[in-house]
Amino acid sequence: MKILLVFDFDNTIIDDNSDTWIVQCAPEKKLPIELQDSYEKGFWTEFMGRVFKYLGDEGVREDEMKRAVTSMPFTLGMVELLNFIRKNKDKFDCIIISDSNSVFIDWVLEATSFHDVFDKVFTNPAAFDSNGHLTVESYHAHSCNRCPKNLCKNVVLVEFVDKQLQQGVNYTRIVYIGDGGNDVCPVTFLKKNDVAMPRKGYTLQKTLSRMSQNLEPMESSVIVWSSGVEIISHLQFLIKE
């Protein structure tokens, strides 16, 4: 009987947003105004597709992007947390559900040798095309009206847990560690034993505290964190129970 740990990536594992970080590769480290203005709410992946095309057209190559992405700092205490999980892999399964993309996440996990900590990564598939441009696709289509068009993390989480159950893996509880608005949907799926861990001062935490003020029911317990070290102490408490 294991505990399932679910991580967001941007502003959770790493202390920034990989999609906005990559803009430092652009000429003068900024995007043209008309490209910036082309973003429509809910269509971030399409917008990033245009950003990657622009970077490619401007001659930004894979190795330059890789250098930028792998220079992103980890969030405080996250390296310690991932090392702790690695030491206790018999007690935890660990997945990432992220609105970043597969190339960026692979680069970071590879550069830091943390690939083995994660059993699965669910994110928008990306690849370099024959022109050397990075292309990105939506992770899936879904009908949830709360989430961006390309990814409902709740759908991903429910499908993963169901699939594991079919293979005889039943989790004693789920611990969800995230920061953003698109983490609200999966957190509302959590049950009584589960733990939502929103990052202090970020959208997920603000939304959950607003929900509790409005007395919107939340089954899971909520524990706010600002460093991975705080998450370690809670996980230690859980595995002792």
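The values are calculated or read from the model by the stated rules, or taken from the named source; none is laboratory data. Computed from a prediction, not measured in an experiment: that's the story for all the values here. FYI the Cβ positions are ideal-geometry reconstructions off the backbone, even for glycines, and counts take in every protein chain you see. Just so you know, the surface numbers come from the protein's heavy atoms only, side chains and all, with ligands and any DNA or RNA stripped out. Shrake-Rupley method; radii C 1.70, N 1.55, O 1.52, S 1.80 Å.
Considering only residues in the range 1-56 that are of a type in the set (V, I, T) and farther than 25 Å from A141 by Cα, the one that is surrounded by the fewest Cβ atoms within 10 Å (Cβ to Cβ) turns out to be I33. Scanning the range 167-225 for residues that are of a type in the set (S, T, N, Q) and part of a strand (DSSP E or B) yields T172, S221. Residues that are open to solvent by 30 Å² or more (accessible area, probe 1.4 Å) and closer than 20 Å to F92 by Cβ within the range 118-147 comprise D119, K120, V121, listed in sequence order. Would you tally the residues in the range 118-138 being without any contact (Cβ under 8 Å) to a residue 40 or more places away in the chain, within 14 Å of T45 (Cα to Cα) and either in contact with a Gly (Cβ under 9 Å, 6 or more places away or on another chain) or not in a strand (DSSP E or B) (or both)? Final tally of qualifying residues: 1.
Restricting I95, I85 to those that are closer than 23 Å to V187 by Cβ and assigned to a helix (DSSP H, G or I) reduces the list to I85. Looking for something surrounded by 18 or more Cβ atoms within 10 Å (Cβ to Cβ), in contact with a strand residue (DSSP E or B) (Cβ under 9 Å, 6 or more places away or on another chain) and modelled with pLDDT of 95 or more - is there at least one such residue anywhere in the range 212-220? No, the range 212-220 has no match at all.
Just to be sure, is V195 surrounded by fewer than 18 Cβ atoms within 10 Å (Cβ to Cβ), closer than 28 Å to M1 by Cα and among the β-branched types (V, I, T)? Judged against the criteria, V195 is not a match.
Taken as a whole, the condition of being under 21 Å from I105 (Cβ atoms) and not small (G, A, S) does not apply to D162. When you look at K66, is it farther than 18 Å from M197 by Cβ and in contact with a helix residue (DSSP H, G or I) (Cβ under 7 Å, 6 or more places away or on another chain), yes or no? Yes; evaluated as a whole, the condition is true for this residue. Taking residues in the range 163-186 that are over 24 Å from K206 (Cα atoms), and partners anywhere that are open to solvent by 50 Å² or more (accessible area, probe 1.4 Å) and outside any strand (DSSP E or B), the pairs with Cβ atoms closer than 8 Å and at least 6 places apart or on different chains are Q164/N170; N170/M1; Y171/M1; T172/M1; T172/N193.
If you go through the range 83-100 and pick out every residue that is open to solvent by less than 10 Å² (accessible area, probe 1.4 Å) and either in contact with a Lys or Arg (Cβ under 9 Å, 6 or more places away or on another chain) or not polar (S, T, N, Q) (or both), you end up with 7. Take D183 and decide whether it is acidic (D, E) and at pLDDT below 95. For D183, the condition - acidic (D, E) and at pLDDT below 95 - is not met.
Is there a residue being in a strand (DSSP E or B) and open to solvent by 60 Å² or more (accessible area, probe 1.4 Å) anywhere in the range 101-117? No, there is no match, as no residue in the range 101-117 is in a strand (DSSP E or B) and open to solvent by 60 Å² or more (accessible area, probe 1.4 Å). When you go through (1) among the polar types (S, T, N, Q); (2) open to solvent by 20 Å² or more (accessible area, probe 1.4 Å); (3) in a loop (DSSP other than H, G, I, E, B) one by one for N150, which number turns out not to apply? Here N150 clears every test but (2).
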